[in-house]
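Structure, as structure tokens:
The values are calculated or read from the model by the stated rules, or taken from the named source; none is laboratory data. Given the structure is predicted, the values throughout are model-derived calculations rather than measurements. Counting neighbours? That spans all protein chains shown, and the Cβs are built from the backbone with ideal geometry, glycine included. Side chains included, ligands, DNA and RNA excluded: accessible areas come from the protein's heavy atoms. Shrake-Rupley method; radii C 1.70, N 1.55, O 1.52, S 1.80 Å.
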Amino acid sequence: MREQGEQGEQGEAASGVSLERGAKFQSVDLTSVDRMGDARSPLLLRMEALWQSTLHWQPDERQQTQLQQLYAFTLAGNRQFNLTRITEPEEFWEKHLWDSLRGVRRFLEAGGRLRRERSVERGQKAEGAEEAGEADKTQNSSYSSLLSPLSSLKIIDIGTGAGFPGLPVAIAQPNWSITLLDATRKKITFIDQVLIQLGLANATTLVERVEQVGQQKHQRETYDLALIRAVAAAPVCAEYALPLLKIGGSAVLYRGQWTDAETAALESAIAALGGKIDAIEAFTTPLTQGDRHCIYVKKIAPTPNEFPRAIGIPAQKPLGS
């Protein structure tokens, strides 16, 4: 997903070993980046057809503007901090924007499908047929119960780095509540400024070690969805994510190549964490045809209190190894 150099850096940030306590970082001046982006920044291609054909979703005008601004802000931040090596517009679109949203495609699709079905059912009800109206009332109640959680998911992006996948997800789904977690303060300082400039009220940041967050009562078992991209080996990611999920919640592990041996190792690890593999999706990126996988892990039982283990232990001694 991220380039190899970025993946190593991201792994440190997620586990917390690179947290700079007490350090002061100069803010990046993003106020000079205007509504359509920095004049020095190339424009992203709109890619409507690719968005729609691959994700069954595409940004509206406001979202397109926010994605362009996010690109400009990332380039501006990159001039001061080492945020990403992915800076060319097509590469940024594919490897940061599209890749981030591909991991939540099944949730985008489900929410869109339920909204369409609810709209159809309301239209049928409006036609005034009494029997159909009674059926609609029952069905709409069922659809509403399904749509409600999809419309208000509580999500944590573990080891967010420069804000991926969390920032594109926050732009695409303004009704979802996103927590962007990273242990590197300078990156969170940058993201805080981006959130202000983009007007994203549905996202917040957290500077902390994920092993500590997973043991905090007000954080543990409170999230519907955990996103974890280019952070560590899959069993380590599972130990970071599952303690934070509600029962019935899901973790999305963004991976590049994936093997049967990795599946076996992950299954062994999540057996101790209260999870199971729900799906493994293999796909290629739409521009460069790179191999990618998203591993969906569902939480089916409480995670024992001993997990996550102390800082650094999950990465040093992965479960199932």
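Summarise the accessible area of segment 59-103 (1.4 Å probe, protein heavy atoms) by the percent that is carbon and sulfur. Of all accessible area on segment 59-103, carbon and sulfur atoms account for 40 percent.
Placing a label point 7 Å from the Cα of ASN202 along the Cα-to-Cβ direction, the residues of segment 150-169 whose backbone N falls under 15 Å of that point are 150-157, 166-169. Across segment 161-168, rounded Karplus estimates of 3J(HN,Hα) from the backbone phi angles (6.51 cos²θ - 1.76 cosθ + 1.60, θ = phi - 60°) give x, 7, x, 10, x, x, 5, x Hz, Gly and Pro being marked x.
Once backbone amide H atoms are built at 1.01 Å from N, GLY249 has LYS299 as its partners under 5 Å, excluding neighbours fewer than 5 places away on the same chain. Remark on GLY256: its backbone amide H falls under 5 Å from those of HIS293, a criterion applied only to residues 5 or more positions apart or on other chains, H modelled at 1.01 Å from N.
Placing pseudo-labels 7 Å out from each Cα toward the beta carbon at THR87 and ILE277 gives an inter-label distance of 3.9 nm.
With q set to 0.20, 0.26 Å⁻¹, the log10 of I(q)/I(0) for segment 38-97, from the Debye formula over equal scatterers at the Cα positions, is -0.75, -1.14. Per-residue 3J(HN,Hα) values for segment 218-233, derived from phi via the Karplus relation 6.51 cos²θ - 1.76 cosθ + 1.60 with θ = phi - 60°, read 6, 10, 5, 6, 10, 9, 7, 8, 10, 10, 9, 10, 6, 10, 6, 4 Hz in sequence order (x marks Gly and Pro).
Using unit Cβ charges (K, R positive; D, E negative) and no other charged atoms, how large, in debye to the nearest 20, is the dipole of segment 42-107 about its Cα centre?
Working: 8 positive and 8 negative charges, 48 e Å.
Computed about the Cα centre, the dipole is about 220 debye.
Between amide H atoms placed 1.01 Å from N, distances below 5 Å from GLU208 occur with ASP182, ALA183, all of them 5 or more places distant or on a separate chain. Once the Cα-Cα distance is subtracted from the 0.36 nm per residue extended length, the ALA261 to ASN175 segment shows a gain of 27.2 nm.
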